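The values are calculated or read from the model by the stated rules, or taken from the named source; none is laboratory data. From a predicted model like this one, the values you see are computed outputs, not experimental measurements. Positions of Cβ are backbone-derived with ideal geometry, glycine not excepted, and every protein chain shown enters the neighbour counts.
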Amino acid sequence: MTPQAATVVVDHAPVQDYPAPSELDDRCEKILLEQLRAGHPGAFEQLVASQASRLINLAYRLVGNRAEAEEIAQEGFLRLHRSLDGFRGDCSIASHLYRIVSRLAIDHLRREKLRRKLFFFRRQEDDVDPLEMAADMGASPRDNLQAKETGQRLLKALDRLSVRQRAVFVLRHQEGLPLKEIAAALKLEVGTVKAHLHRAVRSLRTELKDLQEDRS
Amino acid sequence: MKGMEVTHCHTEDLLLYYYGELVGQRRRELAEHLDACESCSKEWQRLQRILDGMTLPTIELGSVEIQRFAARVAERAQRPGRSKFWLWGGVLTASVVLALTLMARPPGIVPGQGTSLVADAAMVQDLDLLQNMELLEELDLLQGLEGQG
C-alpha cells in the first residue's frame, strides 16, 4: 500500500441535498388525498397553493418563460385533478405533479422548437421582466446583477440544448432530482439520462466558457 | 514504461461524482485518484467552479399571487369537462349526417363512379369517331382508286 493510499481520502464532492419533493408530510398528504377524492371544498385549492411556487419555478426553468410556465403548471394541476380517481399513490402527490409538469414542459418545448423551425420564429430574448427575478437580499447589488446576468445567459444557453438534455440538466442540477427519479419522470433508461446530462454539461461549458475563465 | 501509465478520470465520472451519483467503491476510488492526480484534480476544480456558478433564475411568488393562482386553477377544475363531450358530440353528429346523406341518395348511383363512367363513355365515343374517320378515309381512297381504274 502506498503512503498516499494509507492516508484518509477526502471526499471532494459537495454534499448533494435531495430536496423533499413536497412540503406535505405523509400523513397530511393522505388526509389531503382523501379530501380531494371526496370533493372537499377548498382541498384542491389548498394543494395548488402549497405546490404552485415549486411547480411554476420548475416549468419556468424548463421553458424559460413565465407566462408559459404558469400555463403549464396550471395544466399540470388540472390533469392531476382529472386523474384523481385513478391515482394509486405509488408516489407522493408532489412527485406525481413533478412528473406531469416535466412532461408537459417537454412537450411544450418540442412544439415550440418545431414552430420556430417551421416559421423561422425567434423568441424575443430581451423580453425579461426585471421584476420576475427577486433579488437576494443577502447579496450585494453587484452580486445580484451578476447572478441575474449569469442566470439569463444560462437560460439562453439551455435554449440551444436538445429538449431532453435541457430537461435532464434542469431536473438534476437545479431541482436536485436523483437520476433514477429523472429516468422515471421522463420514461428513459438511467444510462440515457447520464448521457444526456454529460452532453448538456459539455455544451453548457462551451457556451459559458468566459464565465469559467472569469472565475478561475 | 508500463508502470508509468496513468488512467485519468472520465469527465462523465467527475460529473456523477459532483452530483453524488457515484457510490461505494467507485466513489472511494475516484476520491483517492483525485488526491493523487494533479491533472484530474485541476479538471475537477474547473468542473466544480462552473457547475457551482450555474444557477438558474427563480420566480418569487408572493402569497397574494399564489392565492390568486390557486383560486384560478380551482375554479377551472370545477368547470365541467366539456371538451371531450363536444368532441364526441361532433363526431356523432358528423356520422349521423353522413349516414343520412348516403341513405337519402337514389339507388344505383355509386358516388365517385358516376363521373368516371361519363368520362369513360366520352372516351369510347371519341374512339368510335376516330375509327369512323379512318373508315371514311379508307373509303375515299378506295373511291379514288376506282376512279383511276
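Does at least one position in the range B:75-85 carry a residue that is within 12 Å of chain A (Cβ to nearest Cβ), at pLDDT 90 or above and closer than 29 Å to A:Gly64 by Cα?
The answer is yes, given that some residue of the range B:75-85 is within 12 Å of chain A (Cβ to nearest Cβ), at pLDDT 90 or above and closer than 29 Å to A:Gly64 by Cα.
Of the conditions (1) touching a residue at least 12 places away in the same chain (Cβ under 8 Å); (2) surrounded by fewer than 19 Cβ atoms within 10 Å (Cβ to Cβ); (3) more than 9 Å from chain B (Cβ to nearest Cβ); (4) under 23 Å from the mean Cα position of the chain (by Cα), A:Gln46 clears all except one; give me its number.
Failed condition: (3).
Could you grab me the full set of residues in the range A:49-76 that are of a type in the set (Gly, Ala, Ser) and crowded, with 16+ Cβ neighbours inside 10 Å?
Scanning the range A:49-76 gives A:Ala49, A:Ser50, A:Ala52, A:Ser53, A:Ala59, A:Gly64, A:Ala69, A:Ala73, A:Gly76.
List, please: which pairs have Cβ atoms under 8 Å, are six or more places apart or on different chains, and start with a residue in the range A:139-154 that is assigned by TED's automatic domain parsing to the domain that holds A:Arg205 and closer than 12 Å to A:Leu208 by Cβ and end with one that is modelled with pLDDT under 80 and surrounded by 12 or more Cβ atoms within 10 Å (Cβ to Cβ)?
Hits for this filter: A:Thr150/A:Leu211; A:Gly151/A:Met133; A:Gln152/A:Val128; A:Arg153/A:Leu211.
Cβ-Cβ distance below 7 Å, separation of 6 or more or different chains: which pairs start in the range A:71-83 with a residue that is facing chain B (nearest Cβ under 7 Å) and end on one that is of a type in the set (Phe, Trp, Tyr) and not in a loop (DSSP other than H, G, I, E, B)?
Going by the 7 Å Cβ cut-off, the qualifying pairs are A:His81/A:Phe44.
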